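One structure below.
Readers should treat all values here as calculations from the given coordinates under stated rules, not as data from a laboratory. These numbers were taken from a predicted model, which means no experiment stands behind them. Cβ sites come from the backbone with ideal geometry, for glycine too, and all protein chains shown count toward neighbours.
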Amino acid sequence: MNNVNIVIVEDDVLIAEDLRAMCEEFDANVVGMAHSVEEAFDVIENSDAQYVLMDVRLGGKRDGVDVAQWVYDVKPDMKLVFITGSNEPPTIERIHQDHPFRILIKPIQPEQLREALTAK
């Protein structure tokens, strides 16, 4: 998985670090991390990532789905992998409106993440 660049958007620092460790185990490059919507806009805009691991709930009025809508407009080739603990139907339906590449429900296993990052 060399040369795969990833941005992680996750408000929980421990989960973000766990995701970083999983990515690094697969030899993927974590080129940025954001813990809020505002940080996400900046980090994603200034990265050369192919993937964004996106949490839905980011602790503010806007959330990961709002960021995903923006990503789809400005970087349509970037693949969005939602990683969320919210699996209720309204949330999943909202995510599906934003062109997700994959949706993974927390807690995720390393093999689930590997599959999401290697799928075509």
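Okay, here's what the table says:
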| item | result |
| --- | --- |
| When segment 5-106 is reduced to its Cα atoms, the Kirkwood hydrodynamic radius in Å | 13.2 |
| Rounded to whole Hz, the Karplus (6.51, -1.76, 1.60) HN-Hα couplings of segment 54-63, x for glycine and proline | 10, 7, 7, 8, 10, x, x, 5, 9, 9 |
| Check: segment 5-106 dipole with +1 on Lys, Arg Cβ and -1 on Asp, Glu Cβ, in debye | 320 |
| Asn87 versus Asn46: modelled label distance in nm, points set 7 Å from Cα along the beta carbon direction | 3.7 |
| Charge dipole of segment 5-106 about the Cα centre (unit charges at C-beta), most positive-ward option of Pro89, Ala68, Ile8 | Pro89 |
| Difference of contour (0.36 nm per residue) and Cα-Cα distance, Thr118 to Asp12 | 35.7 nm |
| Table column - 3J(HN,Hα) (Hz), segment 98-110, Karplus curve with 6.51, -1.76, 1.60, x for Gly and Pro | 10, 6, x, 7, 8, 10, 10, 9, 5, x, 9, 9, x |
| Added length on full extension, which subtracts the Cα-Cα distance from 0.36 nm per residue, Phe101 to Asn29 | 24.1 nm |
| Taking segment 5-106 and dividing mean pair separation by its residue count, relative contact order in percent (alpha carbons under 8 Å, at least six apart) | 25 |
